[in-house]
Amino acid sequence: MNKVTHRLRLSQADAHYGGNLVDGAKVLALFGDVATELLIILDGDEGLFRAYEEVNFLAPLYAGDFIEVTAEMIQKGNTSRKMKFTCHKVISSRPDINASAADKLDEPILTTTAIGTCIVPKDKMRVNHG
């Protein structure tokens, strides 16, 4: 497996700005979560996030939205693991209708993309981790 996806709902606690807008840093934290799971699957260790080469915030996210966050391995070095990250909004909250209204989107909206590199130290890699 070279790809991991998490689906979750952004809560009111994730809202950071007026109008229930969610901070882009929340998505970056979620990218770290999917990267960690992928490293555990591939190397048997959580590894360490080294750096982002690129981050693009393309559309806003709001409390109540459902998102899918994905990490996909694009390059594997001796200890480095380069990944492509995406975040898609799949359900949009609709507070303009009422407090609990939401719409399933016909086409997911790409909200965030990134390229990042993680490191798994050689002494922590477990090739046969089961």
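The values are calculated or read from the model by the stated rules, or taken from the named source; none is laboratory data. What you see is a predicted model; the values in this text were computed from it and never measured. No Cβ is skipped: glycine too gets one built from the backbone with ideal geometry, and neighbour counts run over all protein chains shown.
Observations on the structure shown:
- Listed conditions (1) in a helix (DSSP H, G or I); (2) more than 30 Å from residue 125 (Cα to Cα); (3) of a type in the set (Gly, Ala, Ser); (4) at pLDDT 95 or above are all met by residue 29, apart from (2).
- Candidates 94, 81 - the one that is in contact with a Cys (Cβ under 7 Å, 6 or more places away or on another chain) and either modelled with pLDDT of 95 or more or not β-branched (Val, Ile, Thr) (or both): 81
- Residue that is farthest from the chain's Cα centre (by Cα), among those in the stretch 38-67 that are part of a loop (DSSP other than H, G, I, E, B) and on the phi < 0 side of the Ramachandran plot: 45
Here is a yes/no grid of residues against (1) crowded, with 16+ Cβ neighbours inside 10 Å; (2) within 19 Å of residue 25 (Cβ to Cβ); (3) in contact with a helix residue (DSSP H, G or I) (Cβ under 6 Å, 6 or more places away or on another chain):
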{"residue": "69", "(1), (2), (3)": "yes, yes, yes"}
{"residue": "91", "(1), (2), (3)": "yes, no, no"}
{"residue": "96", "(1), (2), (3)": "no, no, no"}
{"residue": "100", "(1), (2), (3)": "no, no, no"}
{"residue": "112", "(1), (2), (3)": "yes, yes, yes"}
{"residue": "115", "(1), (2), (3)": "yes, yes, no"}
{"residue": "118", "(1), (2), (3)": "yes, yes, yes"}
{"residue": "123", "(1), (2), (3)": "no, no, no"}
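- When 26, 76 are checked against the criterion of being closer than 17 Å to residue 7 by Cα and basic (Lys, Arg), 26 stands alone in meeting it.
- Filter pass, residue 70 being in a strand (DSSP E or B) and touching a Cys at 6+ places or on another chain (Cβ under 7 Å): no
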